[in-house]
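Participant: Pasting a structure here, questions to come.
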Amino acid sequence: MKDNKYRDRNNNVDMKFTGGRRNMSPVVKPKNFRKTLRRLWSYFGAERKTLIMIFIFILIDSAIVLIGPYLIGSAVNAMTESTGEVDFNILSIIVIALLISYLTDAAISLFQGFAMASSSQRIVKTMRNNLFLKLQKLPMAFFDKNSHGDIMSRLSNDIDNVSSTISQSAIQLMSGIIAIIGSFIMMIILSPILTAASLITVPLVFLLTKSIAKRTGKLFKAQQKELGKLNGQIEETISGIYIVKAFNHEDKAVEEFNEINQRLCDVGLKAQVLSGFLMPIMNVINNIGFAAVAGVGGVLAVENMITIGVIASFLSYSRQFVRPLNNMANIFNTLQSAVAGAERVFEILDTPEETQDAQDPKGLNESMGHVQFNNVCFGYTKDVEILKNINFEAKPGESIALVGPTGAGKTTIVNLLSRFYDVTSGEIYIDGVDIRKYTRDSLRRTFGIVLQDTYLFSESIKDNIKYGNLDATDLEVISAAKMANAHEFIKRLPKGYETLLSESGSNLSQGQRQLLAIARAILTSPSLLILDEATSSVDTRTELRIQEAMLKLMYGRTSFIIAHRLSTIRDASKIMVIDDGQIIEMGNHAELINKKGKYYNMYFNQYNNCDEE
């Protein structure tokens, strides 16, 4: 529903990509899990000091936690000595020590959580900044081929998924590893025999985790993919809500949404249920291990080889040994989901950017507006050539009109001129220099562009006009609006130039939006103009106002005008008739009429149709 207008209207050979899910690009095969994890870890570099501090506190906290079971064993021994008397002095000291250790553990855990949450948010902020910056550097072809909703899903949902995993799992992972090592050492010190008995469940835990994680990894990747499709469908439907309602497609939109939502529900349910199996089964395995420890410990106690206190301490250490294993298995499951999101983010970060500027590029500060196309050929894909040997010259100050059927290649020509795409072969010159030798920034600052589908931001009218020149003063904004014949209707608005626009300026008429776009272009003070059917969607009265504003804008500037209403380009210096990617006729209006060719037929067909109306 939401066409990428500026690129595809002049290309009707399988090149009309929409912003919706139907024309999404193929999903790239996921990258290696370990490679993605290492790359994700590289983002922790800037948080090295914080992470070192957190790690030190984890060591302290782990030492405190390891003291607990030993103190519990000592307390049990104090109450079960062979004398039959309880040593209350020792018991009181142990209870106070336990209380202090638990309070200290709680305080350290709170600090760790705060520090890790802060660190994870900064890491995710960096990732989001990198991704958004990357989007600004990607070529137009990327946005043509990818759903806007899916791109937004990667920028929001996938990165949030990474954020939650980092903040929740990093501390558990580090403390879990230390707890496993520390508990294992204490278990061996207390009883090597009981240690051997408790380890019989470890292989089962490892095999179970590996088996489930392998399956859930694929499911979580599929879940993120379906979530991206759902976002694409939502964005497409909301953006085109007027069309949806106008064609009574509400039920169809709901049906499409339900279809994708059901797929997301199914794959999400499978992923969650399968990962949910892990903890109950782990608990069963752990209970088997505890039973083995209790049985062997009972035999050893009867043989007076260990005390009851040692068994109590060992069971506590055994729990501290097994619990992190359980948590780490669960963390690994969660990590699968985070890595799936990170892979989708890295796919964009790894997408080739626009080709770099040439070595020692030139800056195009003030162009004379002399444009030449020399044997230019171009295709959006290697197999389909859209433009074929385009040759023409636009002298400074000339107005060049491009006419022809839809899909002929008119918009493609101006896309190449502004370097949204680069030519396949041939050269384009501005002021005698190949445009590939200019910096893109300076080249595009030379142009003022007014499209048929004007895009306005959800800001004030003043800010939308200033988008053409952020340093412009209020007086310059008002002057530009007056030149564009927009000042009068702006003054009638409740807050004048401070009136806030809704999304895409939908609270203004099409003609008013076009006048604001012209004012925005005037404020850039461009050397070259691109006017892409700027009057095709308005009434005759508004068209006259827009034409008047356009004439002011075009005065003294080289202009390229794409138009279907041929009456609007009669005064153009040169009219080029484009058909099937080639210039089939060229000349001014009078010359082409006298030729009685394609332009002659197009013009009088429109003229006769207007008379009939």
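The values are calculated or read from the model by the stated rules, or taken from the named source; none is laboratory data. Here the structure is a predicted model, which is why all the values come from computation and not from measurement. All Cβ positions, even for glycine, are placed from backbone atoms using ideal geometry, and neighbour counts span all protein chains on display. What goes into the accessible areas is simple: the full protein's heavy atoms, side chains included, and nothing from ligands, DNA or RNA. Shrake-Rupley method; radii C 1.70, N 1.55, O 1.52, S 1.80 Å.
Participant: Where does each of 510-521, 488-499 land if you order them by average Cβ count within 10 Å, highest first?
Facilitator: Top of the packing list down: 510-521, 488-499.
Participant: Given 58, 435, 201, which one lies farthest toward the positive end of the charge dipole of the chain, if we put +1 on the Cβ of every Lys and Arg and -1 on the Cβ of every Asp and Glu?
Facilitator: With unit charges placed on the Cβ atoms, the residue in question is 201.
Participant: Tell me the carbon and sulfur percent of the accessible area for the chain, rounded to whole percent, probe radius 1.4 Å.
Facilitator: Roughly 58 percent of what the probe reaches on the chain is carbon or sulfur.
Participant: Let me ask you something else. Listed here are the pairs 491/574; 134/229; 137/225; 388/437; which of them are more than 31 Å apart at the Cα?
Facilitator: 491/574
Participant: Separate question: Can you give me the angle between helix 202-239 and the longest principal axis of the chain, using Cα atoms only, in degrees from 0 to 90, rounded to the nearest 10?
Facilitator: 30
Participant: Still on this structure: Once both axes come from the Cα atoms, what is the angle between helix 159-190 and the longest principal axis of the chain, in degrees from 0 to 90, rounded to 10?
Facilitator: 20
Participant: Next question, about the same structure. Which Cα, out of 149, 308, 139, lies furthest along the positive dipole direction of the chain (beta carbon charges, K/R +1, D/E -1)?
Facilitator: 308
Participant: If we sort 95-108, 409-422 on the protection proxy, mean other Cβ atoms within 10 Å, highest first, what's the order?
Facilitator: Highest mean packing first, the order is 409-422, 95-108.
Participant: Still on this structure: Angle, helix 510-524 long axis vs. longest principal axis of the chain, Cα atoms, 0 to 90°, nearest 10?
Facilitator: Long axis of 510-524 versus the principal axis of the chain: about 90 degrees.
Participant: Can you give me the Kirkwood hydrodynamic radius for the chain, using every pair of distinct Cα atoms, in Å to one decimal?
Facilitator: With all distinct Cα pairs of the chain included, I get 29.9 Å.
Participant: Would you calculate a helix-derived [θ] at 222 nm for the chain, using -39,500 (n - 2.57) for each DSSP H run of n ≥ 4 and dividing by the full residue count, to the nearest 500?
Facilitator: One gets -20500 deg cm²/dmol as the mean residue ellipticity at 222 nm.
Participant: Mind checking the full-extension length gain between residue 291 and residue 605? Use 0.36 nm per residue of separation minus the Cα-Cα distance, one decimal, nm.
Facilitator: In short, 103.8 nm is gained.
Participant: About its Cα centre, what dipole magnitude does the chain give when the only charges are +1 on Lys and Arg Cβ and -1 on Asp and Glu Cβ, stated in debye to the nearest 20?
Facilitator: 680
Participant: Among 374-381, 458-465, 587-594, how do they line up by average Cβ neighbours within 10 Å per residue, starting with the highest?
Facilitator: Going by the mean number of other Cβ atoms within 10 Å, highest first, we get 458-465, 374-381, 587-594.
Participant: Then there is this: Alpha carbon centre of region 324-403 versus region 543-573: separation in Å?
Facilitator: Using only Cα atoms to place each centre, the spacing works out to 30 Å.
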